[in-house]
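Working notes, beginning with the structure itself.
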Amino acid sequence: MIIRDATQADLPGILAIYNEVIVNTTAVYALAPVTLEERTHWLETRQARGFPVLVAVEGDSVLGFASYGDWRGAAGYKFTVEHSVHILDVLRGRGIGQQLMHRLILKAQGAGLHVMIGGIDSTNTASIKFHERLGFTSVAHFHEVSFKFNRWLDLVFMQRFIERD
């Protein structure tokens with residue numbers, strides 16, 4: 001497995017992973033799959049802003065991806081980012097996400113960032129534990145802020161300070 005910066009050629013794999021997450025999980029609160037055009041715009045926008053989009057690949061297959069971007073729009077938040085990491089459903093729990101996140105955190109360090117935030121569905125205990133192992137701590141719990149799969153969902157914010165060498 002190789003972890004590298006994403007390219008346009010990786011978009012179909014990224015799209016397949018992301019849409020599976022949308023359709024089958026509460027890891028993303030989007031309600032409908034996105035198009036290749038939308039994911040292309042997402043990648044181009046992230047790259048133009050200098051935000052990393054990393055992929056874990058084996059051959060031509062995308063196994064997972066991770067990225068970060070603005071947490072909030074105001075200039076005072078410029079040292080804080082929100083990340084996402086998603087893995088092919090049949091490969092979750094095998095360490096791919098951890099490797100992607102370690103690399104993403106290194107990118108954040110190199111960019112001089114101070115805080116990384118993750119928004120996680122409160123029932124996603126695997127993701128919460130995953131983030132705790134990476135040094136994230138829970139800082140907020142928002143009750144019933146999303147509605148998906150005919151039920152209200154709670155959102156947990158976790159944060160991690162980015163160490164500098």
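Inside region 1-24, can you point out the residues that are touching a residue at least 24 places away in the same chain (Cβ under 8 Å), of a type in the set (Val, Ile, Thr) and open to solvent by less than 30 Å² (accessible area, probe 1.4 Å)?
3, 14, 17, 21
Residues are listed down the side, and each one gets a yes or a no for (1) closer than 26 Å to residue 152 by Cα; (2) open to solvent by less than 20 Å² (accessible area, probe 1.4 Å); (3) outside any strand (DSSP E or B); (4) touching a Pro at 6+ places or on another chain (Cβ under 6 Å):
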residue	(1), (2), (3), (4)
37	no, no, yes, no
44	no, no, yes, no
73	no, no, yes, no
82	yes, no, no, no
106	no, no, yes, no
113	no, yes, yes, no
128	yes, no, yes, no
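Limited to region 57-69, what total is found for residues that are at pLDDT 95 or above and open to solvent by 60 Å² or more (accessible area, probe 1.4 Å)?
2
Please state which of the following conditions residue 104 fails to meet, knowing it meets all the rest: (1) more than 17 Å from residue 64 (Cα to Cα); (2) within 16 Å of the chain's Cα centre (by Cα).
(1)
For region 46-67: of the residues being in a helix (DSSP H, G or I) and more than 13 Å from the chain's Cα centre (by Cα), which is farthest from residue 106 (Cα to Cα)? Give the derivation first.
Initially, region 46-67 is screened for residues in a helix (DSSP H, G or I), giving 46-48.
Of the ones still in play, those that are also more than 13 Å from the chain's Cα centre (by Cα) are 47-48.
On the way: 47: 17, 48: 19 Å.
Once the filter is applied, the top-ranked residue is 48.
Out of all the residues in region 46-56, which are small (Gly, Ala, Ser) and loosely packed, with under 14 Cβ neighbours inside 10 Å?
48, 50
Within region 85-101, which residues are without any contact (Cβ under 8 Å) to a residue 24 or more places away in the chain and either among the small types (Gly, Ala, Ser) or in a helix (DSSP H, G or I) (or both)?
Within region 85-101, 90, 95 qualify.
Of the numbered conditions (1) surrounded by 12 or more Cβ atoms within 10 Å (Cβ to Cβ); (2) more than 15 Å from the chain's Cα centre (by Cα); (3) among the hydroxyl-bearing types (Ser, Thr, Tyr), residue 137 satisfies every one except a single condition; which is it?
Exception for residue 137: condition (1).
The values are calculated or read from the model by the stated rules, or taken from the named source; none is laboratory data. The structure presented is a predicted model; accordingly, all values stated were derived computationally and were not measured. Reconstructed Cβ throughout: ideal geometry from the backbone, glycine too, with neighbour counts over all protein chains shown. Areas reflect the complete protein model, heavy atoms only, side chains present, ligands, DNA and RNA absent. Shrake-Rupley method; radii C 1.70, N 1.55, O 1.52, S 1.80 Å.
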